[in-house]
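Enquirer: Following this message is one structure expressed as structure tokens.
Just so it is clear, none of the values below were taken in a lab; they were calculated from the coordinates. Just so it is clear, the structure is predicted and the values come from calculations on it, not from any experiment. Methodologically, a virtual Cβ is constructed for each residue, glycine included, from the backbone with ideal geometry; neighbour enumeration extends over all protein chains shown.
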Amino acid sequence: MKKITYAVLAAAIIAADRMSKNYLLTIKKVDLTSWLTLDLSFNRGISWGLFHSSDFYSFFILSFLIGLFILALSHYTYQRAQQGFNIVGETLVLAGACSNFLDRIFYHGVIDFIVFSYKGFYWPSFNIADAAIVVGAFIMIINNLKEGYAPSH
């Protein structure tokens, strides 16, 4: 794939995530079906609310570590791109992580809003960026497994 394709993919993920979050900031909540609700919430932790804290210093340290992760993954992705590897997975993870990081800067928490529920069971709320991160991580794992099993020349 060409570099412009990765840039367009990242821009599309970030744009979709930003627009959906901006929309939810105005409507707060809407029940779409009996099992799907859009319900605005702010996560000051990481996935599934792990390490959530209302304490400024805890939030700052966690956000700083996430920023370092984004920088490290950016470097790793750049190196893989230079070597000619497919970086779709890395692009999805970076785009999602960067959009969520913007929430941390501007809203002091990641905006989550997609809620699945069934008979009293609720999946933790998430957003488009989170979905991109999960799909991207899955692609990275598959690609790395394939590369590890590639025949030697």
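Enquirer: Work out, in µm²/s and without decimals, the Stokes-Einstein translational diffusion coefficient of segment 48-153 at 10 °C, 1.306 mPa s, Rh from Kirkwood over C-alpha pairs. Don't skip to the end; give the middle numbers.
Expert: Details: Rh = 15.6 Å.
Diffusion coefficient, whole number: 102 µm²/s.
Enquirer: Tilt of helix 88-107 relative to the longest C-alpha principal axis of the chain, in degrees (0 to 90, nearest 10)?
Expert: 40 degrees
Enquirer: Roughly how many Å is it from the Cα centre of segment 128-142 to that of segment 44-85, as a whole number?
Expert: 14 Å
Enquirer: Positive end of the charge dipole of the chain (Lys, Arg +1 and Asp, Glu -1 on Cβ, about the Cα centre): tell me which of 15, 45, 64 has its Cα farthest that way.
Expert: The Cα lying farthest towards the positive end belongs to 15.
Enquirer: Which entries of 3/146; 119/146; 3/28; 28/119 show an alpha-carbon separation above 29 angstrom in the structure shown? Working shown, then result.
Expert: Working: 3/146 22 Å; 119/146 39 Å; 3/28 37 Å; 28/119 23 Å.
Distance filter (> 29 Å) returns 119/146; 3/28.
Enquirer: To continue, here is another question. Do the sum for the chain: with -39,500 (n - 2.57) for every DSSP H run of n ≥ 4, divided by all residues, what is the mean residue ellipticity at 222 nm, to the nearest 500 deg cm²/dmol?
Expert: Working: 4 runs with 93 residues, N = 153.
The per-residue figure over the chain is -21500 deg cm²/dmol.
Enquirer: What angle do you read, to the nearest 10 degrees and between 0 and 90, between the alpha-carbon axis of helix 128-148 and the longest principal axis of the chain?
Expert: In the chain, helix 128-148 runs at an angle near 30 degrees to the longest axis.
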